[in-house]
Amino acid sequence: MRQKNALIPTLRNVGEAEMVSHRLLLRGGFIRQLAAGVYTFLPLGFRVLHKVEKIVREEMDRIGAQELLLPVLHPAELWHESGRWENYGPELFKINDRHDRSFAMGPTHEEVITDLLRGEINSYKKLPMALYQIQTKFRDEKRPRSGLLRGREFVMKDAYSFHADRESLDQTYEDMFGAYMNIFTRVGLDFRAVEADAGAIGGKGTHEFMALSDAGEDTIAICEACDYAANIEMAEVVGNEEVSDKTPVSEREKIATPGKRTIEEVAEYLDVEPHQLVKSLLFTVDGEPVLVLVRGDHEVNDVKVKNLLEGAVCELADEETVRRIAGASSGFVGPVGLKEPVKILADHAVMRMNEMITGANEADAHLMHVQIGRDFQVDLAGDLRNIQEGDACPRCGGTIQFKRGIEVGHVFKLGTRYSEAMNARFLDENGKEQPFIMGCYGIGVSRTVAAAIEQHHDENGIIWPVAIAPYTVHLIAVNMKNEDQARLAEALYEELNKEGIEVLFDDRKERAGVKFKDADLLGIPVRITVGAKAGEGLVEIKLRRSGESKELSVEEVLKELP
Ligand code: ATP
Ligand code: MG
Ligand code: MG
Ligand code: MG
């Protein structure tokens, strides 16, 4: 590509953007903002996005997932079936058509894919099946201020798997896990797969892939000695909330003081509905509920979860049942006795809302219409709240460190939460109807682009990992008016293209200083400069990452390229 004709509108200044990746993407002419959380991918940004997509596709295809493309517009009826029309929360974009029929703009596609499969697959013989798409998602995020890290319109890879039994789900989950490891490694991220909602979920049913970065919103506990890593967002809510100088003092105190909050207080503070906090609530025996939360995840939004906070009647389980379910990898731990506080240790506190809300709990162990805090209190705090830096790793005894992470991927065993709610069934080997057992697997494709920049940049600009760089080579002719330089640069440009090397050719009639500054900003891995020694057939090759440079003949240059 010739830069003279390219749409690469670099900027020196970009005003308010706070995140490094946001600033550099704007400055480098990779993206432009159209509205809050809504961005245009300019040609360079689009190339990077494509590179990430390509890696994702290759790894999905490798494990046998099939690509399809689901609609963005979802009839409201489907979301009513799952219960999420009312309960997904304010992030759901809703629109009406000319006939006044309601639609959601897809923030995620469990409903749509479940609807598809219940129509198309009716036998175990077709299972397991994994399907994926790469598509623009819509979420009306509350704070869409971090560029591609949190868009209201963003690109996601979402995959869904369907199974006849749990073992099959476990297998696909493992395959997906492996694919995610490959993807983020290939992209060039320093990342950890962490147990999402450590403790509360038992660490078996869901993992998040976290790109390590101080810009991350989550805090994760990692062990340097083994691969233990857990999201402690829930244990550290209070400490995690950003406290800036701009936060009013009263608010700051409220956030900074660890301790008890009522559900309502916290919900109000975060501007979410109380039921959205349920997933990670920790309750205490002595008095008010203590909160620990994960915000607004789709699996917590459900009518019954809401009821949990609002209703009145409780069905009981005996202690043995509770322990049995708590010890299993899934299930919901209910109270042992109404109005009698019960203590359950954190590692037994398996609290899978998605399981619970299917109503598929063990017959004697589910609870409905309970008001937490009023009807019962549970102390799950124990282990969780005490995780501190320097602690012994629960797995190997090594040392725990706290790091910040950006959630770039999330894998989740859904179980029958959607298939039950939407009556999606197949015939098993005995001709008996069974609900599909499902998994879902997301990757923030556009967020991954930003996460890569958060990890790979310096004061002069981006340093793209080779695998996702918009071009491999940035060819710069210092002075296009100089005949030797122009001729050699043109010849080299042609040669590189012929070799199939992706090259951006700075053939602009700009000053050398401007060209070099732009080159550093754009962050293309290899810079080849055609300058004063063009007459002797010599050029300079320089690596963006190390700054290492040397003078080579044109013939030698080609051999040096990655
Ligand atoms: P977060 O906790 O950051 O809000 P999430 O848990 O709501 O993310 P998921 O529902 O798990 O997101 O979606 C799958 C993936 O999509 C996430 O792991 C993340 O990488 C990406 N993602 C989610 N929301 C956004 C967003 N607003 N902008 C960009 N990427 C996003
Ligand atoms: Mg999340
Ligand atoms: Mg979210
Ligand atoms: Mg998530």
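The values are calculated or read from the model by the stated rules, or taken from the named source; none is laboratory data. Keep in mind that what you see is a predicted model, and the values were worked out from it rather than measured. Glycine also receives a Cβ, built like all others from the backbone with ideal geometry; neighbour counts cover every protein chain displayed.
Here are the numbers for this structure:
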quantity: Selected residue (criterion: farthest from Y180 (Cα to Cα)) from residues of segment 122-163 that are touching a Cys at 6+ places or on another chain (Cβ under 9 Å) and of a type in the set (G, A, S); calculated: S161
quantity: Residue in segment 395-411 that is nearest to ligand 1 (Cβ to nearest atom), counting only those that are at pLDDT below 90 and under 22 Å from E174 (Cβ atoms); calculated: R395
quantity: Matching helices (runs of 4 or more DSSP H) fully within segment 382-460 where at least 2 residues are within 16 Å of ligand 2 (Cβ to nearest atom) and closer than 30 Å to R152 by Cα; calculated: 445-455
quantity: R447 vs. criteria charged (D, E, K, R), closer than 30 Å to D170 by Cα and in contact with a Ser or Thr (Cβ under 8 Å, 6 or more places away or on another chain); calculated: no
quantity: Residue check, D484 touching a helix residue (DSSP H, G or I) at 6+ places or on another chain (Cβ under 6 Å) and part of a helix (DSSP H, G or I); calculated: yes
quantity: Selection status of A211, more than 16 Å from ligand 2 (Cβ to nearest atom), touching a strand residue (DSSP E or B) at 6+ places or on another chain (Cβ under 6 Å) and at pLDDT 95 or above; calculated: no
quantity: Selection within segment 115-152 - of a type in the set (D, E) and more than 14 Å from ligand 3 (Cβ to nearest atom); calculated: D115, E120
quantity: Residue within segment 411-430 that is crowded, with 22+ Cβ neighbours inside 10 Å and within 16 Å of ligand 3 (Cβ to nearest atom) present; calculated: yes
quantity: Single condition V530 does not satisfy, out of (1) within 31 Å of the chain's Cα centre (by Cα); (2) buried (at least 22 other Cβ atoms within 10 Å of the Cβ); calculated: (1)
